[in-house]
1. From 294, 264, which residue is surrounded by fewer than 24 Cβ atoms within 10 Å (Cβ to Cβ), touching a Lys or Arg at 6+ places or on another chain (Cβ under 7 Å) and modelled with pLDDT of 95 or more?
2. Looking at segment 332-339, can you tell me whether even one residue there is closer than 17 Å to residue 44 by Cβ and modelled with pLDDT of 95 or more?
3. Which of the residues that make up segment 343-388 are on the phi > 0 side of the Ramachandran plot and either open to solvent by less than 20 Å² (accessible area, probe 1.4 Å) or assigned to a helix (DSSP H, G or I) (or both)?
4. Only one residue in 237, 283, 319 is in contact with a Ser or Thr (Cβ under 9 Å, 6 or more places away or on another chain) and among the hydrophobic types (A, V, I, L, M, F, W, C), so which one is that?
5. Return the only residue of 91, 82, 107, 76 being surrounded by fewer than 17 Cβ atoms within 10 Å (Cβ to Cβ), among the hydroxyl-bearing types (Ser, Thr, Tyr) and either in contact with an Asp or Glu (Cβ under 8 Å, 6 or more places away or on another chain) or on the phi < 0 side of the Ramachandran plot (or both).
6. For segment 329-341, state whether one or more residues are buried (at least 21 other Cβ atoms within 10 Å of the Cβ) and within 16 Å of the ligand (Cβ to nearest atom).
7. Among the numbered criteria (1) within 16 Å of the ligand (Cβ to nearest atom); (2) hydrophobic (A, V, I, L, M, F, W, C); (3) not in a strand (DSSP E or B), which single criterion is violated by residue 391?
8. Are any residues in segment 177-226 more than 16 Å from the ligand (Cβ to nearest atom), part of a helix (DSSP H, G or I) and open to solvent by less than 20 Å² (accessible area, probe 1.4 Å), and if so, which ones?
Amino acid sequence: MSTTSGRVKVAAQDGPRELDPHQWRGDFPILEKKVHDQPLIYFDNAATTQKPRQVLEAMEKLYAEHYANVHRGIHTLSEESTDRYEAARDTVCRLLGGVSREEVIFTCGTTEAINLVARSWGDQNVSQGDEILISEMEHHANIVPWQQLAERTGATVRWIPISDDGMLDQEACGSMLSSRTKLVAITAVSNVLGTINPIKQIIDAAHANDALVLVDAAQSVPHAPTDLQSWNADFVAFGGHKMLGPTGIGVLYGKRQLLDAMPPCLGGGGMIRRVRKEGFEPADLPDKFEAGTPPFVEAIGLATAIEYLQQVGMQSIAAYEQQLAKLAMERLSAIEGVRIFGPGATDRAGIISFQIDGVHAHDVAQILDRFSIAVRAGHHCAMPLHLRLQVPATARASFYFYNTSEEVEKLGVAIEETQKVFRKK
Ligand code: PMP
């Protein structure tokens, strides 16, 4: 069994390689699907990503050949499931640059991971008069748990402003940090603007003020190398389904001394060392935060997804998606009447939210669907950001490494056709 404690070694990261999406597309059964008689163009990757055969097969194999509940059984099948579950944790440790197994908690998603910190660390450490800093570009998953914490404790949530072009106002962030700041909760990449935030600088500034930092890495871990030792983040949350893995699995990374001091969030089986009528004694990390039957098949699916991504190469994925975003920015900004939100291509990941003059974002998405192009429309769970941008809704195209430049060109053409439809009306 691989359940020993301690740091997990990582192999040296490969440099970026030229990425050919056609080398990988064949692994994704859904990319062969036709929508309205045309090949599907899937540009909704910020919401969730498609799954390669390898992930689907790994989960099916687990159910077909090794399936039994983890940790509690002495029998062979239970050991086989447990071994694979704990090996999945090792895979996550390696992805994050070699963190310790005790620092990796499996959750059911990014949202649960952030809520865990708000409940467990927050209730223990935050009180009346304290401040939590979040930015104007956060997803609701990194807003509401802090608002709820503020309601419970009398603390205040303060908003780090962004500039009109969607960049974090670092100067304002620096001046808002004070002895009252307990935590900065910030996204690494905006799920609407695609903005890549300067996480290391934010963490250094927060630490200089004795504040902790939680990074919402839902949109960064799937798309670029993550080296937590260089970030020195206190908490990091991300999920499996945005990185080729299944739904129902996510990860909370937390520094060991912080997690050690935090009370368990959920109570139940698996998270205890012993239970008596008088009370209970929690288990050691990471079990302390994994009450009940964990999503172990999903964790194994996630580990297979991570291995797949590492084969493609995280650096290559980041470089390729930036190229696609640049191409899309050039193509879309050349169309009169299209407004793109967020920064220029150099500060942006593969996410582009836009508006077509005179056309509601929902209509844009509906018409693009007729061209078999899947984009999302709405507030993308970032209502305060849309209020800041003074738009009720945007359409969002978001890329992954299996998308192609030909698909980006088709998006440009479909947007032009959308404009024609509305001009006729
Ligand atoms: N944070 C960000 C930046 C996101 O994009 C998302 C998903 N849209 C989440 C948090 C929440 O992820 P989940 O719904 O998988 O918990």
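The values are calculated or read from the model by the stated rules, or taken from the named source; none is laboratory data. It should be emphasised that the depicted structure is a prediction, and the values quoted were computed from it without experimental measurement. Heads up, the Cβs are rebuilt from the backbone with ideal geometry, glycines too, and the neighbour counts pull from every protein chain shown. The protein model used for the area step is the full one, side chains on, heavy atoms only, and it has no ligands, DNA or RNA in it. Shrake-Rupley method; radii C 1.70, N 1.55, O 1.52, S 1.80 Å.
1. When all the criteria are applied, what remains is 264.
2. Among the residues of segment 332-339, at least one is closer than 17 Å to residue 44 by Cβ and modelled with pLDDT of 95 or more, which makes the answer yes.
3. Within segment 343-388, 372, 378, 380 qualify.
4. 237
5. Exactly one residue qualifies, and that residue is 76.
6. Checking segment 329-341: at least one residue is buried (at least 21 other Cβ atoms within 10 Å of the Cβ) and within 16 Å of the ligand (Cβ to nearest atom).
7. (1)
8. Across segment 177-226, the qualifying residues are 203, 206.
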